[in-house]
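Trainee: Let me begin by handing over the structure; questions about it come next.
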């Protein structure tokens, strides 16, 4: 492994900013798993314009008002000239523009992993991205550039148009962009984002009705089912980032989005897709409410390490969680973690996980019509009977009785249907 590969892999781990190294017409390095990418020849083609216009001086490119890339040439230790590209990252206009613009990401990530990769793409300001590029150039070229010079060198307009003309020639996706754009109502989108950021459960239901009506009825492709899946993913992605802006921990928000992407992949009917969107948006709102409540309390009831541990647990409720894995994540001995966790929370590590899973099950029971076996599976219970047993022990009632007494799901569905969404 080359020295720069070790450093760039670490950069990716801590920033999630993708980096690419090309040597002539070959992609020789990328930290993203190969199965998440398109074929090498497609990636080489997608980046052809950037590679062709790269020079020693780092340049930044803003594509479609959304994605930012940076690129420059350098000479490696083997004496060969290589091209470095960083990106995509999203700029702060992602919330306003969302999926209305064609993304260069569509041409570098595989169709199966596109949703996940877009969710994983960080939102980065120009200043922060310039600092990242400055560090990369200092390492790869041995030169230090002034930040203001990099900021002032952002390329848009004509350069962007030529780039996208080159990429669009591949015609990988037959999307009628203008038709899609004309159907969107920016006010509805902003209302939807604001409702989640504020943690307003009542407002988010109305916002979802209007905004999803815009998106899910957009006549973009002949494959209606696939298009609705695509737009549902867009809604979840926007909701995820709105929740983060509202104060939800990043790990928790993106773990939830992964969970909903999996449900979207498995959905069979339009009604089921509606159900997923209803539950997702309301869950994100609840997470914002929880985050704001913790902020108001000062967030000081546990030590920073235990707060991180609790965030880790809540971000992985849909997966198996072990004390050993949590200890590795926190960098402490599992036995020590078990001891201090009990000391600060008054609960055993395993009991706390059970309680958190039951709390999440309560949300599912109240806001969806998921079956008990599906809820058990989604929250990593070993079986439906074990889920019912644990739920009854924690809540002193059965899931069936709890749903009957607390569900507002049927009313939400009724309102959604009235709007013909």
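Yes/no matrix, rows are residues, columns are (1) in contact with a strand residue (DSSP E or B) (Cβ under 7 Å, 6 or more places away or on another chain); (2) surrounded by fewer than 21 Cβ atoms within 10 Å (Cβ to Cβ); (3) in contact (Cβ under 8 Å) with a residue 40 or more places away in the chain:
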{"residue": "249", "(1), (2), (3)": "no, no, yes"}
{"residue": "255", "(1), (2), (3)": "no, yes, yes"}
{"residue": "260", "(1), (2), (3)": "no, no, no"}
{"residue": "272", "(1), (2), (3)": "no, yes, no"}
{"residue": "277", "(1), (2), (3)": "no, no, yes"}
{"residue": "282", "(1), (2), (3)": "no, no, yes"}
{"residue": "285", "(1), (2), (3)": "no, no, yes"}
{"residue": "288", "(1), (2), (3)": "no, no, yes"}
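Trainee: Restricting to the stretch 1-28, and then to whatever is farther than 18 Å from residue 89 by Cβ and in contact with a strand residue (DSSP E or B) (Cβ under 6 Å, 6 or more places away or on another chain), can you tell me which residue is modelled with the lowest pLDDT?
Mentor: Just the residues of the stretch 1-28 that are farther than 18 Å from residue 89 by Cβ, to begin with: 1-7, 22-28.
Filter again for in contact with a strand residue (DSSP E or B) (Cβ under 6 Å, 6 or more places away or on another chain), leaving 5, 22-23, 28.
Values: 5: 88, 22: 95, 23: 93, 28: 94.
By that ranking, first place goes to 5.
Trainee: Here's something else I'd like to know. Is it fair to say residue 43 is closer than 16 Å to residue 109 by Cα, under 24 Å from the mean Cα position of the chain (by Cα), in a loop (DSSP other than H, G, I, E, B) and modelled with pLDDT of 85 or more?
Mentor: For residue 43, the condition - closer than 16 Å to residue 109 by Cα, under 24 Å from the mean Cα position of the chain (by Cα), in a loop (DSSP other than H, G, I, E, B) and modelled with pLDDT of 85 or more - is not met.
Table: residues versus (1) modelled with pLDDT of 90 or more; (2) outside the structural domain of residue 280 (by TED's automatic domain parsing); (3) assigned to a helix (DSSP H, G or I); (4) farther than 24 Å from residue 255 by Cα.
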site	(1), (2), (3), (4)
387	yes, no, yes, no
397	yes, no, no, yes
405	no, no, yes, yes
410	no, no, yes, yes
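Trainee: Could you please tell me which pairs satisfy a Cβ distance under 9 Å, a separation of 6+ or placement on different chains, a first residue in the stretch 300-327 that is free of Cβ contacts under 8 Å to residues at least 60 places away in the same chain and not assigned by TED's automatic domain parsing to the domain that holds residue 255, and a second residue that is surrounded by fewer than 19 Cβ atoms within 10 Å (Cβ to Cβ) and in a loop (DSSP other than H, G, I, E, B)?
Mentor: That search, which allows pairs on different chains as well, returns nothing.
Trainee: May I pose another question? Take the residues in the stretch 46-68 that are assigned to a strand (DSSP E or B) and within 19 Å of the chain's Cα centre (by Cα), then tell me which one is modelled with the lowest pLDDT.
Mentor: Looking only at the stretch 46-68, we keep the residues that are assigned to a strand (DSSP E or B), and these are 59-63, 67-68.
When the remaining residues are screened for being within 19 Å of the chain's Cα centre (by Cα), the result is 67-68.
On the way: 67: 84, 68: 87.
Ranking the qualifying residues of the stretch 46-68, first place goes to 67.
Trainee: Now a separate question. Name the pairs whose Cβ atoms lie under 7 Å apart, with the first residue in the stretch 83-111 and under 26 Å from residue 135 (Cβ atoms), the second at pLDDT below 50, and 6 or more positions between them or separate chains?
Mentor: Correct list of pairs: 104/167.
The values are calculated or read from the model by the stated rules, or taken from the named source; none is laboratory data. These numbers come from a predicted model, not from an experiment. Note that we place each Cβ from the backbone using ideal geometry, even for glycine, and neighbour counts take in every protein chain shown.
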